[in-house]
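Beneath this line is the structure, given in structure tokens, with notes to follow.
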């Protein structure tokens with residue numbers, strides 16, 4: 001569990017909102033993790049972690065989503081799927097560094 005706390009802190013350091021549980025049928029499920037960083041009013045980076053049978057660690061997906069005013073998703077670009085914690089952290093860190101370099 002300490003690994004997840006460390007990962008959560010790393011995502012917070014990168015500017016993500018952390019510890020967003022998924023609600024399923026009105027109940028919070030803690031086998032699911034989500035980290036969100038808003039890039040604009042309509043666009044967000046999302047990292048989702050979930051327990052998957054056959055793996056000892058959470059598996060992660062990393063993608064960018066764009067929504068319109070009513071909350072309908074109009075675009076999604078997937079950067080990584082079924083990745084280990086270290087793989088997703090490396091990819092997200094690299095992506096954030098790229099965004100920061102390109103905005104200067």
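The values are calculated or read from the model by the stated rules, or taken from the named source; none is laboratory data. Owing to the predicted nature of the structure, the values given are computational and were not obtained by experimental measurement. Here the Cβ is made from the backbone with ideal geometry for all residues, glycine too, and neighbour counts use every protein chain on show.
At a glance:
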read-out: Enumeration of residues in the stretch 53-85 that are loosely packed, with under 12 Cβ neighbours inside 10 Å and over 24 Å from residue 41 (Cβ atoms); value: 53, 54, 55, 56
read-out: Pairs, first at positive phi and modelled with pLDDT of 90 or more in the stretch 46-64, second in a strand (DSSP E or B) and crowded, with 17+ Cβ neighbours inside 10 Å, C-beta under 6 Å, six or more apart; value: none
